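Encoded as structure tokens, the structure appears first; notes follow it.
The values are calculated or read from the model by the stated rules, or taken from the named source; none is laboratory data. Everything numeric in this text was worked out from a predicted model, so none of it was measured. Cβ atoms come from the backbone with ideal geometry, glycine included; neighbour counts cover every protein chain shown.
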Ligand code: PMP
Ligand code: GLN
């Protein structure tokens, strides 16, 4: 086994997808919409299949299909108030997942330290380790105490002294995720300014995973950290067509930033993936063109989707609370973290051999209640896994009838 793979184990996704296949629960686990994506998005693929241009079925430009990088450059040039060169400042990847991989492999050297905020999207840690880097973790902590009313994702915060203490001359990179998976936190301007200040002070790269950039609720503002003073030249921002257009199976993502940083990603991409599927990139490009024409208007999918999702968020928060759990109300994204510990006396976890209580709880729920969630300790480093054990993560970008079923299952639970 090569050194870079030592200690790698199958991810929570592999385990929980197998569990869902075996027990066929109502699956509120892995994050994907179970309803149809917008018609103009899915139908674009049918149009492409029928298009008389045969080249739509052949290899396209390795760093990104030209029509797609052009659409992205138009979109983000406006959003970040900077002219993006579609050929040098953007890379198209196999999902945001590969964008993360190419960014980390393209910048982290053996011994470099990378700051990761916990809980974190689980692949950050193994990717950093595979590059020979050293992850340095800091957990978001709940600042409210028991019984003070609903918890908001904004109540999960970094301890400033602890955060500052992580930065040193070996720090190469910080990975930020806003809106956040799994908490739903949308980092506010003050928090982002503090991160930016420390990045500038210690000459650190910022990787900003913004795959849920359009999914913000209640007037929360998604701020792109690359737009803060002095940050453009040190930030790589990641996005995902799967999240943007509700087609997670398409696995098209992107990274954008200054050419001198994106070049390193292009090299990793060229040496591993080379080029992403042409028809899918063409479909994403056409879909962006539709949205660019109505950006900011009420009919924009980027506004209608969060409007719709907010209803589902509130519905889920209510049925989880009614069942006795304590949800954190997310300001963004499509996941909800809930404290299940008030229900501990209703479950018998002795039959589940897992090390962590949230794994026991979610497995027991899948097998005995027919409802699947994700154990959040998967999103913590080994020493901090206990911080996730009282929680379960549920996904709310699901058909109303499925949310109704989940509500019923929990309501009937004695
Ligand atoms: N980052 C975060 C925070 C995510 O939740 C996901 C979802 N899978 C990804 C990256 C990867 O996105 P993609 O499906 O486009 O690879
Ligand atoms: N982002 C999704 C989630 O967090 C999907 C994860 C995955 O498939 N790796 O559930």
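Going by what's in this entry, would residue 365 be described as touching a strand residue (DSSP E or B) at 6+ places or on another chain (Cβ under 8 Å), in a helix (DSSP H, G or I), surrounded by 17 or more Cβ atoms within 10 Å (Cβ to Cβ) and modelled with pLDDT of 95 or more? Walk me through how you get there before you give the answer.
Working: touching a strand residue (DSSP E or B) at 6+ places or on another chain (Cβ under 8 Å): yes; in a helix (DSSP H, G or I): yes; surrounded by 17 or more Cβ atoms within 10 Å (Cβ to Cβ): yes; modelled with pLDDT of 95 or more: yes.
So residue 365 fits the description; yes.
Report the residue count in segment 201-218 for those that are within 16 Å of ligand 2 (Cβ to nearest atom) and assigned to a loop (DSSP other than H, G, I, E, B).
Residues meeting the conditions: 6.
If you scan segment 381-395, which residues turn out to be away from ligand 2 (no atom under 12 Å from the Cβ) and buried (at least 23 other Cβ atoms within 10 Å of the Cβ)?
Looking only at segment 381-395, we keep the residues that are away from ligand 2 (no atom under 12 Å from the Cβ), and these are 381-392.
Of everything in segment 381-395, those that are away from ligand 2 (no atom under 12 Å from the Cβ) and buried (at least 23 other Cβ atoms within 10 Å of the Cβ) turn out to be 388, 391, 392.
Find the residue count for segment 384-414, including only residues that are assigned to a helix (DSSP H, G or I) and in contact (Cβ under 8 Å) with a residue 60 or more places away in the chain. First the steps, then the outcome.
Taking segment 384-414 and keeping what is assigned to a helix (DSSP H, G or I), we get 384-388, 400-412.
Now narrow it down to the ones that are in contact (Cβ under 8 Å) with a residue 60 or more places away in the chain: 384, 387-388, 400, 402-403, 405-407, 409-411.
So the answer is 12.
Identify, from the list 23, 59, 40, the residue that is more than 16 Å from ligand 1 (Cβ to nearest atom), within 20 Å of residue 91 (Cα to Cα) and either modelled with pLDDT of 95 or more or not assigned by TED's automatic domain parsing to the domain that holds residue 212 (or both). Write out each step before concluding.
Numbers: 23 fails: within 20 Å of residue 91 (Cα to Cα); 40 fails: within 20 Å of residue 91 (Cα to Cα).
Being more than 16 Å from ligand 1 (Cβ to nearest atom), within 20 Å of residue 91 (Cα to Cα) and either modelled with pLDDT of 95 or more or not assigned by TED's automatic domain parsing to the domain that holds residue 212 (or both) holds for just one of 23, 59, 40, which is 59.
Which of the residues belonging to segment 102-129 are within 16 Å of ligand 1 (Cβ to nearest atom), in contact with a strand residue (DSSP E or B) (Cβ under 8 Å, 6 or more places away or on another chain) and in a helix (DSSP H, G or I)?
102, 103, 104, 124, 125, 128
Mind counting the residues in segment 26-37 that are within 16 Å of ligand 1 (Cβ to nearest atom) and part of a loop (DSSP other than H, G, I, E, B)? Break it down stepwise before answering.
Of the residues in segment 26-37, the ones within 16 Å of ligand 1 (Cβ to nearest atom) are 27-34, 37.
Those still in the list that are part of a loop (DSSP other than H, G, I, E, B) too: 28-34, 37.
Residues in segment 26-37 being within 16 Å of ligand 1 (Cβ to nearest atom) and part of a loop (DSSP other than H, G, I, E, B): 8 in total.
Restricting to segment 230-253, give me the number of residues that are under 13 Å from the mean Cα position of the chain (by Cα) and buried (at least 24 other Cβ atoms within 10 Å of the Cβ).
Of the residues in that region, 8 qualify.
Quick one: how many residues across segment 224-234 are assigned to a loop (DSSP other than H, G, I, E, B) and at negative phi?
Within segment 224-234, the subset assigned to a loop (DSSP other than H, G, I, E, B) is 224, 228-231.
Those left that are additionally at negative phi: 224, 228-229, 231.
Counting residues in segment 224-234 that are assigned to a loop (DSSP other than H, G, I, E, B) and at negative phi gives 4.
If you check 134, 114, which single one turns out to be assigned by TED's automatic domain parsing to the domain that holds residue 203 and crowded, with 23+ Cβ neighbours inside 10 Å?
Numbers: 134 fails: crowded, with 23+ Cβ neighbours inside 10 Å.
Going through 134, 114 in turn, the sole match is 114.
Test residue 176 against the stated conditions and say whether it is part of a helix (DSSP H, G or I) and closer than 26 Å to residue 327 by Cβ.
Numbers: part of a helix (DSSP H, G or I): no; closer than 26 Å to residue 327 by Cβ: yes.
Considered against the rule, which asks whether it is part of a helix (DSSP H, G or I) and closer than 26 Å to residue 327 by Cβ, residue 176 comes out as no.
Do we have residue 198 as surrounded by fewer than 24 Cβ atoms within 10 Å (Cβ to Cβ), under 23 Å from residue 295 (Cβ atoms) and more than 16 Å from ligand 2 (Cβ to nearest atom) here? It would help to see each step written out before you state the result.
On the way: surrounded by fewer than 24 Cβ atoms within 10 Å (Cβ to Cβ): yes; under 23 Å from residue 295 (Cβ atoms): no; more than 16 Å from ligand 2 (Cβ to nearest atom): yes.
No, not satisfied.
Which is away from ligand 2 (no atom under 16 Å from the Cβ) and part of a helix (DSSP H, G or I), of 221, 164? Talk me through it step by step, then tell me what you get.
On the way: 221 fails: part of a helix (DSSP H, G or I).
None of the other options fit; the residue is 164.
Give the residues of segment 179-190 that are more than 16 Å from ligand 2 (Cβ to nearest atom) and either in a loop (DSSP other than H, G, I, E, B) or crowded, with 20+ Cβ neighbours inside 10 Å (or both), sorted by residue number.
186, 187, 188
Which number in (1) surrounded by 15 or more Cβ atoms within 10 Å (Cβ to Cβ); (2) touching a helix residue (DSSP H, G or I) at 6+ places or on another chain (Cβ under 7 Å) marks the one condition that residue 31 misses?
Tallying (1) surrounded by 15 or more Cβ atoms within 10 Å (Cβ to Cβ); (2) touching a helix residue (DSSP H, G or I) at 6+ places or on another chain (Cβ under 7 Å), residue 31 fails exactly one: (2).
When you look at residue 64, is it surrounded by 20 or more Cβ atoms within 10 Å (Cβ to Cβ), within 14 Å of ligand 2 (Cβ to nearest atom) and modelled with pLDDT of 95 or more, yes or no?
Working: surrounded by 20 or more Cβ atoms within 10 Å (Cβ to Cβ): yes; within 14 Å of ligand 2 (Cβ to nearest atom): no; modelled with pLDDT of 95 or more: yes.
No; evaluated as a whole, the condition is false for this residue.
At least 3 residues that are within 16 Å of ligand 1 (Cβ to nearest atom), at pLDDT 95 or above and touching a strand residue (DSSP E or B) at 6+ places or on another chain (Cβ under 8 Å) in each: list the strands (runs of 3 or more DSSP E) lying fully within segment 235-331 that qualify. Quick ask: steps written out before the conclusion?
On the way: elements: 235-240, 253-256, 326-329.
Result: 235-240, 253-256.
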